[in-house]
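Step one of this worksheet: look at the structure below.
Here, each number is a calculation from the coordinates, and none is a lab measurement. All of these numbers come straight from a predicted model, not from anything done at the bench. When we count neighbours, we look across all protein chains shown, and the Cβ atoms used for this are built from the backbone with ideal geometry, even at glycine.
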Amino acid sequence: MTSLDDLPIRDDLRGKSPYGAPQKHVRIELNVNENTHPIPEPVARDIIESLARAILTINRYPDREFSQLRDSLAGYLGHGLTRDNIWAANGSNEILQQIMQAFGGPGRSILGFPPTYSMHSIIASGTGTRWVSAERDTDFQITPRTAVAAIREHQPDIVIFCSPNNPTGTPLSLETIEAAYDATDKIVIVDEAYAEFAPSGAPSALALLPGRPRLIVSRTMSKAFAFAGARLGYLAADPSVADALRLVRLPYHLSSLTQAAAVAALHHSDEMLAMVDDIARQRDRIVERLTELGYHPWPTWSNFVLFGGVENPSEVFETLLEQGIIIRDLGIPGHLRVSAGTEAETSAFLDALAALS
Ligand SMILES: *Cc1c(COP(=O)(O)O)cnc(C)c1O
């Protein structure tokens, strides 16, 4: 057998590590911010009926423009968006990859603000886009001033924000996004994978789209919609953005089955999202209880909590894992991250952690 080092791989990929969140199947999985509530059975049945219809024409390529799905996604998002403003792919990771293929690539750079979603820099590396990091302010915030200063210094081809930010849960103000947009004539992405978990009435970057053709808001059905296994991410932007992505996407990248499943799920968005409030309650409960236990949870608008004050994160991680509970050690000193699960899962995590303290 040959090792990776022996293969004629691209020089810029040598020594890189792949995405590696442990995928262990244990009793309680609170490590990758999935929605741990299964989808309601009547909705599942409706999705299966759609899949059954779609399979009868599976000998044909799918609708390359996934028009019905884009209509459904536009209807779900509101904000006056129509099909032309929407693009979709196999997860928002593929959305981000297509954006970097079209607007980044060799000789170009993307600016992000760690600690943030690890896939942003991994997708940059896969597309040959240079990743540039800028510092956040205290408490993981990014003020308009900080964003503008970083853009002026690095002159990136793409700026990427994550709002609320993974892994910290920190929200981002629309003022920062507006200021960043005005400070560049390049692309600004806001990754809103967790938008549905924000307090009701919280502003989304979708509100900034009118008049800002270089702004892209990416969303996913993986988290709030409990649809991670289906792989459906999407974006909202000026219609010309989709024209750019048509140049780099593979033809027929969204299978007929994916399209059918997502359209059916979006018909039931109220039921699919019914668990969001409960998850937010469990998240708030985690924050409260961790505080009582002497940890330092960070304010969060997502379905997970990053908490500090952990003396030995890898030891706590391993001890919980021995009890069949997996959370996430992201290598941030003194910190661990946990996803809000069902009430029972959340209790099991909190009780196990309390027993350690
Ligand atoms: C989970 C997550 C995603 C979702 O990726 P998919 O490919 O849509 O499953 C995107 N961005 C962030 C910040 C995430 O945490």
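Between residue 41 and residue 250, the FRET efficiency from the beta-carbon distance, with R0 = 35 Å, is close to 0.55. Placing pseudo-labels 7 Å out from each Cα toward the beta carbon at residue 182 and residue 125 gives an inter-label distance of 3.7 nm.
Exposed loop sites here are GluC sites (Glu not before Pro) assigned a DSSP state other than H, G, I, E or B and surrounded by at most 11 other beta carbons within 10 Å; excluding them, the longest clear run of the chain is 136-310.
Candidates 339, 321, 8 compared by Cα position along the dipole of the chain: farthest toward the positive end lies 8, with charges placed on Cβ.
In this label model, residue 153 and residue 57 are separated by 5.4 nm, measuring between points 7 Å along each Cα→Cβ vector.
Report note on the peptides 157-166, 118-127: ranked by the mean count of other C-beta atoms within 10 Å, highest first, their order is 157-166, 118-127.
Quick check: the distance between the Cα centres of segment 286-326 and segment 145-213, to the nearest angstrom? The two parts, judged by their Cα centres, are 27 Å apart. Would you mind getting me the FRET efficiency between residue 240 and residue 347? Use the beta-carbon distance for r and R0 = 41 Å, nearest 0.05. The formula returns an efficiency of 0.25 here. Report the Cα centroid-to-centroid distance between segment 76-139 and segment 333-357 in angstrom, as an integer. So the two Cα centres are separated by 30 Å. Measuring nothing but alpha carbons in segment 41-267 and taking Rh as the Kirkwood radius, the Rg to Rh ratio lands at 0.97. By the combined test of axial Cα extent (at least 18 Å) and Kyte-Doolittle hydropathy (mean at least 0.0), the qualifying DSSP H helices of the chain come to 41-55, 343-356.
Can you compute the helix-only [θ] at 222 nm over the chain? Use -39500 (n - 2.57) per DSSP H run of at least 4 residues, normalise by all residues, nearest 500 deg cm²/dmol. Don't skip to the end; give the middle numbers.
Working: 12 runs with 132 residues, N = 357.
Counting only the DSSP helices, I get -11000 deg cm²/dmol.
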